Amino acid sequence: MRALRFHAARDLRLDEVTAPPAPSSRQVLIAPVVCGICGTDVHEYIEGPMRTTVKPHPVTGGAIPQILGHELSATVVAVGSEVSSVAPGDRVSVMPLISCGVCALCVGGQEQLCDGRASVGLRHPWGGMAELALVNENQVVAMPDAMSWEQGALIEPTAVAWAAIQAGGVSPGDVVLVTGAGPIGALAALAGAAAGASVVVSEPDPARARHVGSLGFDVLDPREVDIAQACRERRPGGVDVAIECSGQERALQAALGALRPGGCAVQAGLPTRPVALDIASLMLRGLSLVGSVGYPLRSWPALIAEVVSGRLPVERVVTGRVALERAVQDGFEPLVNPHDGAVKVLVELGAQAAS
């Protein structure tokens with residue numbers, strides 16, 4: 001079968017590989033239909049190995065060369081003898097995370113923080129940018145007929161954004177600042193609006209700013225305005241919650257400056273270098289700074305319901321679709337320097353992706 005595999009930085013290859021074996025008792029063999037290119041995938045392509053591993057992962061055995069892709073919808077091909085939640089032919093959205101299952105964090109329901117965690121498409125033998133993949137039963141959730149393939153593939157990044165909104169305690173009537181209008185930022189803005197908040201977005205790239213503006217949000221250019229001051233002018237005292245999605249020091253400082261006393265900033269974008277903070281200001285203003293990584297593993301049913309209801313129109317963040325054989329040239333490369341406004345690019349692996 002064909003699979004897009006990461007070998008080294010700037011070395012993604014569409015390889016011919018051996019197909020997965022038949023599923024064991026609690027496994028499901030799937031045929032990916034749509035798979036999103038995540039920012040993590042792009043960083044891996046540019047600078048990896050970062051989240052991939054040279055040595056076999058202790059839980060999954062996954063290692064480079066790694067099939068990429070962890071945001072996916074798929075068709076069930078075959079199921080193990082003890083699988084009861086899905087059947088061959090079912091349309092499913094995939095929850096890609098895998099944890100050790102035995103540490104205190106896993107037992108306590110915080111599997112996303114497990115030191116031994118891995119993910120389909122990262123530190124795992126299989127990934128979504130391939131014609132077949134093998135996953136566990138608890139990683140697939142049946143999609144209702146009203147859900148499109150692309151919506152199903154977008155549940156994973158939406159879960160990341162939704163978890164950040166929840167970490168900030170966003171409530172109806174809140175004013176929320178989102179810094180960075182990449183995929184997670186755009187989805188965080190949609191999730192904030194779905195939670196009943198008024199959302200303003202900070203984004204310096206003109207094309208991405210236009211895109212998030214087309215979703216109905218007010219957009220500020222941090223190159224032209226003081227974000228903290230502009231937010232205080234819009235909401236006396238400052239915003240209630242700031243969701244930082246860019247990973248940039250300047251953006252986090254602006255987010256903290258924009259908060260009202262007692263407000264909360266959520267760091268959802270991964271910084272690539274150490275960040276300086278004014279701890280005295282954070283303390284004296286009673287601010288909270290919370291890190292948000294991943295999502296609770298049981299998020300899928302509630303998010304699927306939100307998407308199908310129309311309250312969370314995640315498909316509106318999509319800016320491009322490419323075939324597997326063109327994924328590097330027309331998918332990854334435009335996302336390396338997204339000056340054309342590329343936000344979320346989907347890889348389509350089957351003819352049914354258009355349905």
For this session: Considering every residue within the range 104-116, establish whether at least one is small (Gly, Ala, Ser), in a strand (DSSP E or B) and assigned by TED's automatic domain parsing to the domain that holds Ala323.
Result: no
For this session: Identify all residues within the range 44-67 that are without any contact (Cβ under 8 Å) to a residue 40 or more places away in the chain and either closer than 29 Å to Gln151 by Cβ or touching an Asp or Glu at 6+ places or on another chain (Cβ under 8 Å) (or both); write none if there are none.
Result: Met50
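For the range 36-56, indicate whether the set of residues that are charged (D, E, K, R) and assigned to a loop (DSSP other than H, G, I, E, B) is non-empty.
Looking through the range 36-56, at least one residue is charged (D, E, K, R) and assigned to a loop (DSSP other than H, G, I, E, B).
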Problem set entry | Selection count where residues are surrounded by fewer than 24 Cβ atoms within 10 Å (Cβ to Cβ) and either modelled with pLDDT under 95 or in contact with a Gly (Cβ under 8 Å, 6 or more places away or on another chain) (or both), scope the range 175-193 | 1
Exercise. Restricting attention to the range 291-311, which residues are farther than 27 Å from Pro271 by Cβ and within 17 Å of the chain's Cα centre (by Cα)?
Worked result: Arg298, Trp300, Pro301, Ala302, Ile304, Glu306, Val307
Problem set entry | Answer from Glu150, Glu131, Glu203 - the residue that is acidic (Asp, Glu), more than 25 Å from Val102 (Cβ to Cβ) and without any contact (Cβ under 8 Å) to a residue 60 or more places away in the chain | Glu203
Exercise. Quick one: would you say Ala146 is assigned by TED's automatic domain parsing to the domain that holds Arg232 and closer than 23 Å to Leu72 by Cβ?
Worked result: no
For this session: Look through Val102, Val86, Val135 and report the one residue that is crowded, with 22+ Cβ neighbours inside 10 Å and of a type in the set (A, V, I, L, M, F, W, C).
Result: Val135
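Could you go through the range 31-39 and let me know if any residue there is out of contact with any strand residue (DSSP E or B) (no Cβ under 6 Å at 6 or more places or on another chain), assigned by TED's automatic domain parsing to the domain that holds Arg123 and either touching a residue at least 40 places away in the same chain (Cβ under 8 Å) or not acidic (Asp, Glu) (or both). Steps first, please.
Within the range 31-39, the first condition is being out of contact with any strand residue (DSSP E or B) (no Cβ under 6 Å at 6 or more places or on another chain), and the residues that meet it are 39.
From what's left, assigned by TED's automatic domain parsing to the domain that holds Arg123: 39.
Remaining after also requiring either touching a residue at least 40 places away in the same chain (Cβ under 8 Å) or not acidic (Asp, Glu) (or both): 39.
Yes, some residue in the range 31-39 is out of contact with any strand residue (DSSP E or B) (no Cβ under 6 Å at 6 or more places or on another chain), assigned by TED's automatic domain parsing to the domain that holds Arg123 and either touching a residue at least 40 places away in the same chain (Cβ under 8 Å) or not acidic (Asp, Glu) (or both).
Would you be able to say whether some residue in the range 166-180 is polar (S, T, N, Q) and either free of Cβ contacts under 8 Å to residues at least 12 places away in the same chain or in a helix (DSSP H, G or I) (or both)? Step through it out loud before you land on a result.
Just the residues of the range 166-180 that are polar (S, T, N, Q), to begin with: 166, 171, 179.
With the extra rule that they be either free of Cβ contacts under 8 Å to residues at least 12 places away in the same chain or in a helix (DSSP H, G or I) (or both), the set shrinks to 166.
Looking through the range 166-180, at least one residue is polar (S, T, N, Q) and either free of Cβ contacts under 8 Å to residues at least 12 places away in the same chain or in a helix (DSSP H, G or I) (or both).
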For this session: Within the range 92-102, count every residue that is under 12 Å from Leu29 (Cα atoms) and not β-branched (Val, Ile, Thr).
Result: 0
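The values are calculated or read from the model by the stated rules, or taken from the named source; none is laboratory data. Here the structure is a predicted model, which means the values were calculated and not measured. Cβ coordinates were reconstructed from backbone atoms using ideal geometry, including for glycine residues, and neighbour counts include every protein chain displayed.
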